[in-house]
Structure formats: structure tokens, C-alpha cells
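Q: I am attaching a structure below and will ask some questions about it afterwards.
The values are calculated or read from the model by the stated rules, or taken from the named source; none is laboratory data. Not measured: the values here are computed from a predicted model. Virtual Cβ from ideal backbone geometry, glycine too; neighbours counted across all protein chains shown. Remember, those area values only see protein heavy atoms, side chains included, never the ligands or the DNA or RNA. Shrake-Rupley method; radii C 1.70, N 1.55, O 1.52, S 1.80 Å.
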Amino acid sequence: MTGIFASRWWIVFACACGLLVGAGAMLIFTFGVFLKPVAEDLGVSRGELSGALGASTWFVAVSCPVIGWLIDRFGTRQVMIPGILLFALAVASFGLMQAQPFLLIYAIFCVAGFISGVQTPIPYAAVITHWFDSHRGIALGLATAGVGLGVALIPQLAALLIAHFGWRWAYAGLGITVVVLAWLPVLLFVRDPPWVPTSLLSVAFFLGVLAINGTIVHIVALLTDRGVPLQVATGALSIAGIAIIVGRIICGWCLDRFWGPYVAVCFFVLPMLGIALLGSGWGFPVPLVGAALCGAGIGAEIDLMAFFISRYFGLKAYGRIYGLMFMLFNIGTGMGPALSGRAFDRFHSYSQIFTVYEAALALTCLLLVGLGKYAYPPVKHAPRPA
């Protein structure tokens, strides 16, 4: 690759495109848009579908260490190019769901969950971390902001496809979108450098993602329960996505300038405020502000995790460490929405589970404050790969 396209910032662009249609946007955040039409069509409850989503994240969790090992063994490009195509097929396969046998729904979710490990931030963060040192924070922030863009745009695309073609063909359209927005940019721009250079953090990010994802995934259902039209409720999710973009970029900028744990605590306080606003029952525009604050918080999570691993554990086994930590992270990703669904089925309200989420985020902040100095601080004027 020569000329202007040889710049390593094209790798950041490709990673942002890939994460725009990553596992989070495609499986987690579109779930709220599909939840009611799929449940009504198949005759199943929100709790049952949310449980299937939760089960899928266990398989994502299992796949994360595998993806990390494959990256360290074969390189990111060799893993991502075939993996993204399989992920596109997995997304399209959701259109095949049938009410009977119900295990078919669980099977599709679980298979898709295992395949979607390749579309988590693990491979994207690995390649960026190897190419960037002094600008690592902002590079990670810009790349992972693609998730926020996906949260802002993909649910809207899903709602549009559902309105015009039905939910089954909507999933097929999303599969094609994965090929166009993830596979092609990765094929053209992502390349491995010519060199290949926990428990506290794991628990902290597990609790954080459990609380924030458990709230955001059910925002559309929560608002439509209050009489808000679907498209308007989906707009609140889009605002959260825009906040993810802003949050990740600002977080990345701050990580290059301030001590990471302080930055992390600031960004986890925001969803605490957002969840409180969403649970208050106040009318518009309060839910929009709450969604934005939750989005800003979740926007920092992946950026913070990738950055902290590089600064506290180094790069020698970056993929494996990130894979193991992301395993717990993905368990929280699915457990949060599943808990919200079960709580709603039992209490017909999200208030009780929101109280649990506030406590989880407060504990997350306490854990992060206890982190020490970086074991691998940034090195000025580090040589970049040839």
C-alpha cells in the first residue's frame, strides 16, 4: 500500500467503519428495535427474547479468548477477513427465526454470538494499539467511536427496513450492510504491523457494561410503553449513539492528557445520572438527556478497556489479555438486558432494576479509583512500524 493510503490513520478509518456494524450495534442495540415486532409475530415474551440475547453473549464471551489467541497466532487481518463474512451471514440468519421449536431461536442467537466475537473491538483495538503509541488514546477513541455511529444509524436503518420489508428481510439487509461497511474497509485498509510486539479491571468493566447496556437496550421498549411512537423512541437511541461518538472521542483525548482512572470515573458518573433521569418518568426532553448521558458513558467503556490493558499489562500478550477480559465484559453485555427483561416481566416496570444498576456503577467507580500508576507509560517519539 503506497501513497496517501499508506497512512496508518486509514487503519483507524477502517476500524471505525467495522465497529459501526460490529457485534454491539448489530446484536445488542438493534435488539430493542426488533423486540416488539418479533415478539408479537412469533408470540413470545420480551423476557424470553431477552433471555435468548443473554444466552448469545455467553457464546460471545467464550469466543473472545479464542479470537485473542487467533490474533496473536495469525494476525488480525487473517482473522477478520473470513470472520466478518461469517458474521454477516449470522446477522442475516436471524430472519429465519420461528416460534416453534423455540430452541431454534436460542440456537440462532448462540451461533451468531459465537461468530460475532470477530466483530467485537478485540481485533480492531489490537491492530490500532500495535500501530499507535503516543497517539494511542485518540486513535482508539476515533476507531471505537464507530460503535456510537452504529448505535445512532443502524437502529434507524433497522426501523426503516422493518417498516418497508418486515423484520425478516430487515435482518437480511443488515447482513449486507456488514459486508459493505466492515468487510470492504478491512480488506482495503487494515494490515498488521511488521512486528508483534485484571481481575480488578475485569470486574469494574463487567459491572459498568451490565448497568449501561441493561438500560440502553430497553430504552425503545421503555419509551414506547409510555406512549412514545416507535420512530421517536428509536430517535432517543440514536441520540445515545451520537453521545457514544462524542464520549469516545473526548475520552480518548482525555486519556492522552490525564490519569486514566480519573477519566474513567467521570465517564461512569454520567450514566448514573442518565439512568436516574430515565427512571424518573418525566416527559420529553428528559428521556433524551438520559439516553445521551448513558451513551456518553458507554462510549468510553471500550476505549478505556483497550487503553488500560496497554498501560497496565503492555503489548506482549495484548490479544489474549483483551480476549479474556472481554469475555467477562460480554457476559455483562448480555446479562444486563436479560435482567432488565426479567425484571420487567415480574414487576411491569424498570424502576427496580435501575436501582441495582446505580449501585453497580457506584461500585465500578470505587474499583477504578483504586488503580495505581501505569506499568507501561507512554514513550515519547516511539518509532512507528515501517
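Q: Where in the stretch 340-364 does the label zone of Ala276 land, with the point 7 angstrom along Cα→C-beta and an amide N cut-off under 19 Å?
A: 350-364
Q: From the phi of every residue in the stretch 292-309, what ³J(HN,Hα) in whole Hz does the Karplus formula 6.51 cos²θ - 1.76 cosθ + 1.60 yield, where θ is phi - 60° and glycine or proline is x?
A: 5, 5, 5, x, 4, x, 5, x, 8, 4, 5, 4, 5, 4, 4, 5, 5, 4
Q: Let me spell out the model: positive unit charges on the Cβ of Lys and Arg, negative unit charges on the Cβ of Asp and Glu, origin at the Cα centre of the chain. What dipole size does that give, in debye rounded to 20?
A: So the magnitude is around 780 debye.
Q: Using the Karplus equation 6.51 cos²θ - 1.76 cosθ + 1.60 (θ = phi - 60°), what ³J(HN,Hα) coupling, rounded to whole Hz, does each residue of the stretch 137-149 give in order, writing x for Gly and Pro?
A: Couplings: x, 6, 5, 5, x, 5, 5, 6, 4, x, 4, x, 4 Hz.
Q: Also, quick follow-up: Which one of Leu160, Ala292, Tyr318 is farthest out on the positive end of the charge dipole of the chain, using unit charges on Cβ (Lys, Arg +1; Asp, Glu -1) and the Cα centre as origin?
A: Checking the options against the dipole of the chain, the answer is Tyr318.
Q: Then there's this: Between Gln352 and Val269, take the C-beta separation as r, use R0 = 22 Å, and let me know the FRET efficiency to the nearest 0.05.
A: Efficiency computed from Cβ-Cβ geometry: 0.50.
Q: Would you calculate a helix-derived [θ] at 222 nm for the chain, using -39,500 (n - 2.57) for each DSSP H run of n ≥ 4 and dividing by the full residue count, to the nearest 500? Walk me through the intermediate numbers first.
A: Values: 16 runs with 293 residues, N = 386.
My calculation for the chain gives -26000 deg cm²/dmol from helical runs alone.
Q: Which percent of the accessible heavy-atom area of the chain goes to carbon and sulfur, probe 1.4 angstrom?
A: 73 percent
Q: Follow-up. Between the alpha-carbon centers of the stretch 7-59 and the stretch 112-180, tell me the distance in whole angstrom.
A: 9 Å
Q: Could you state the accessible area per residue of the chain in Å², with a 1.4 Å probe and every protein chain left in place? Mind dumping the intermediate values first?
A: Values: 14690 Å² over 386 residues.
The answer is 38 Å² per residue.
Q: Which entry in (1) 206; (2) 117; (3) 132 matches volume of the Cα convex hull per residue in Å³ derived from the coordinates of this structure?
A: Structure-derived value, by its label: (2).
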